[in-house]
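Colleague: Got a structure for you, written out below as structure tokens; questions coming shortly.
Computed from the coordinates by the stated procedures, all read-outs in this text should not be read as laboratory data. Owing to the predicted nature of the structure, the values given are computational and were not obtained by experimental measurement. Here the Cβ is made from the backbone with ideal geometry for all residues, glycine too, and neighbour counts use every protein chain on show.
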Amino acid sequence: MPKILLILLTFFNLTAVYSVDLPVSRISDDSLLRTNLRDTWMINSVNRVLAQRPRIETLETGERVQISAREGRDEFMVIFARELIKGRVATDSAPAVERRATGQFPGWAQGSWMLTRNKNTGHPTLIRIYLRSDQNTHIQFRPFDIDKVYMDVVLYGAFIARSIPVAVPPVPQGITPTAYASFERLYTMQLNDILRLVQNKFPLRYFEADPAIYRDSRRFVSQVRSRLGGLRFADDGALDENGNYVFIETLQPQTSARPGLNCSGFVKWLIDGILRPVTGNRLTIEPLKQPFGQRGSSFTERWEESRDVFFGLDWIRNLAAVANNTLRSPGYSVLDEFEVRTDSFSLLSVMRNNAVEIESFPGFLNEAGYAVEGLHPLLYTLAIDDPFSFYLAAVNNEIGTPTSARGTPRLRQYYHVAALVPYFDEFGDFRIAVFESAEETSFGSFRARYPGQFINLVRIPITAGFDP
């Protein structure tokens, strides 16, 4: 596993290229091509496979496939790379663009198929299949025994399914079975036949996102971006219900010639922007500062005022309660409804010391939320399972040191908030817009800023109108 990922990272062009994909059942079949090239490209000796020059073959549908071999330190890959097909759904300002071939074969275009083998023994170790034109989402198979293989489903480093045993049809009569017989049967099987073996264990929905559904999300992101130029950051700053710049702690007016918003005031500005077209009003600040739901204990009570232990958590919960009550119904304004507490995975692949390791992912933790290392796949699955929401995030960490002075204990504090908008763009590519502290930042920088820390998420409905 570690070695194959390093090969992939070396081989793939990591520059984003866009496409609108087909439903998985409509991916064109290349099993005949794999059958014809099995002996020369898949089971041939290592040296002979690596000596072959890349070639391009055309399927009956007219789609092209580039076959090549790539060598790593201990393993090598045989890659059936589909030609990337590029298209776009209609937007508010432009019509749809039909799918067209690009002449690019990145190795992760929809339908691409690859086999990994050990260089010393020649034994197969992995088959990886890309069901979307996204290098971060794939299914893979590993040898198990003479009758079965293991299947994994991987989304942005998270194992949505791990080591699903898959029974493969027996080797045809006349062929002597080997220790890799079941695995080698996959070399020539049609993709849909392979997926039928897994039946209901395969979460197909995570590979068939429809970018047309995310029109309101894209409009919301665009509307927020268009308003950012008039904002600036100011410590403890927010807009009150009358649209005046004030300080959150005292509610006194800001006297600076250039007033602004801090991270908390900015997410209030966002929620005001989606509620004001409905209610005609901005939110009052004081209710947003009040405790919301279960958090803390008798031990933390004495520190709440002096250290603002739960300020960020209370703030986003109160905002979410009002937003869901207004835009959905009072039944959605309770914590159990709007706080994100469920996830679809328990294992992550992470890079440590130039090697990939598979680690457990604890999921939701009370009064902490989710480890930031799992935030990317979590937002991907949330975007598909709930395409009409975005999220307010409260960053938290244990602050203080084990050697803190007597009376200043190490406590978990919610010290920063932001808005995260996961969606699929008009090309079908997964995106996460990050808005924080009166500006847009990138998800990569947001995640890198908080290694080892936790993120609590609350759900906010997406609306078509935005007017802060």
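Colleague: For the range 2-208, what is one quarter of the convex hull surface built on the Cα atoms, given in nm²?
Modeller: In nm², the orientation-averaged hull projection of the range 2-208 is 12.2.
Colleague: With axes computed from alpha carbons, what is the tilt in degrees of helix 375-385 against the longest principal axis of the chain, rounded to the nearest 10 within 0 to 90?
Modeller: Computed tilt is about 90 degrees.
Colleague: What shape does the range 118-197 take by its C-alpha gyration tensor, where a ≥ b ≥ c are the square roots of the eigenvalues and a/c under 1.5 counts as rounded, a/b above b/c as prolate, and the rest as oblate?
Modeller: Because a/c hits 1.5 or more and a/b exceeds b/c, the range 118-197 counts as prolate.
Colleague: Still on this structure, I have one more. If the cut-off is 17 Å between C-alpha atoms, which lysines fall inside it for LYS119, apart from same-chain ones fewer than 8 positions away?
Modeller: In chain and number order, the partners are LYS3.
Colleague: Counting other beta carbons within 10 Å of each Cβ, put MET42, MET351 in order, fewest first.
Modeller: Least to most surrounded, the residues fall as MET351, MET42.
Colleague: Run the numbers on the range 212-461 and let me know its relative contact order in percent, using alpha-carbon pairs under 8 Å that are six or more apart.
Modeller: 22
Colleague: Return the calculated 222 nm mean residue ellipticity for the chain, to the nearest 500 deg cm²/dmol, obtained by summing -39500 (n - 2.57) across DSSP H runs with n ≥ 4 and dividing by the residue count.
Modeller: After summing the helix terms and dividing by residue count, I get -6500 deg cm²/dmol.
Colleague: With a sphere of radius 10 Å drawn around the Cβ of VAL97, what net charge do the other residues whose Cβ falls strictly inside it have (Lys, Arg +1; Asp, Glu -1)?
Modeller: Net of charged neighbours comes to +2.
Colleague: Further, regarding this structure: Taking only the Cα atoms of the range 212-461, how large is their convex hull per residue, in Å³?
Modeller: Considering the Cα atoms of the range 212-461, their hull volume per residue is 156 Å³.
Colleague: Which shape class, rounded, prolate or oblate, goes with the range 141-283 when its Cα gyration tensor gives a ≥ b ≥ c as root eigenvalues, a/c under 1.5 marks rounded, and past that a/b bigger than b/c marks prolate?
Modeller: Prolate, since a/c reaches 1.5 and a/b exceeds b/c.
Colleague: Considering only DSSP beta bridges where both residues belong to the chain, give the percentage that are antiparallel (nearest 5).
Modeller: About 100 percent, rounded to the nearest 5.
Colleague: While we're looking at this one, here's another question. If the cut-off is a Cα-Cα distance under 16 Å, which lysines reach LYS148, setting aside same-chain residues fewer than 8 apart in sequence?
Modeller: LYS201
Colleague: If packing is taken as the average count of other Cβ atoms within 10 Å, what order do 181-189, 435-443, 419-427 fall into, highest mean first?
Modeller: 419-427, 181-189, 435-443
Colleague: Between helix 215-227 and the chain, what is the angle of the helix's C-alpha long axis to the longest principal axis, kept within 0 to 90° and rounded to the nearest 10?
Modeller: Helix 215-227 and the main axis of the chain meet at about 50 degrees.
Colleague: In whole Å, what three semi-axes, largest first, describe the equivalent ellipsoid of the chain built from its Cα gyration tensor (square root of 5 times each eigenvalue)?
Modeller: 48, 25, 19
Colleague: How much net charge surrounds LEU191 when only other residues with a Cβ under 9 Å from its Cβ are counted (Lys, Arg +1; Asp, Glu -1)?
Modeller: With Lys, Arg at +1 and Asp, Glu at -1, the net is -3.
Colleague: Taking one equal scatterer on every alpha-carbon of the range 326-397, how large is log10 of I(q)/I(0) by Debye at q = 0.12, 0.26 1/Å?
Modeller: Rounded to two decimals, the profile gives -0.41, -1.35.
Colleague: I need the per residue convex hull volume for the range 190-236, using only the alpha carbons, in cubic angstrom as a whole number.
Modeller: About 164 Å³ per residue, rounded to a whole number.
Colleague: Relative contact order for the chain: what percent, with Cα pairs under 8 Å and sequence separation of 6 or more?
Modeller: Result for the chain is 15 percent.
Colleague: Further, regarding this structure: Where does each of 259-269, 53-63 land if you order them by average Cβ count within 10 Å, highest first?
Modeller: Averaged packing, sorted descending, gives the order 259-269, 53-63.
Colleague: Any aspartates and glutamates with Cα under 14 Å of the LYS268 Cα? List them, leaving off those in the same chain fewer than 8 positions away.
Modeller: ASP236, ASP240, GLU241, GLU286, ASP314, GLU436, GLU439, ASP467
Colleague: Once you have a ≥ b ≥ c as the square roots of the Cα gyration tensor eigenvalues for the range 199-340, tell me rounded if a/c is under 1.5, and otherwise prolate or oblate according to whether a/b is larger than b/c.
Modeller: It comes out oblate by the Cα gyration axes.
Colleague: Turning to a different aspect of this structure: So, with +1 on the Cβ of K and R and -1 on the Cβ of D and E, and no other charges, what is the size of the charge dipole of the chain about its Cα centre, to the nearest 20 debye?
Modeller: 1100
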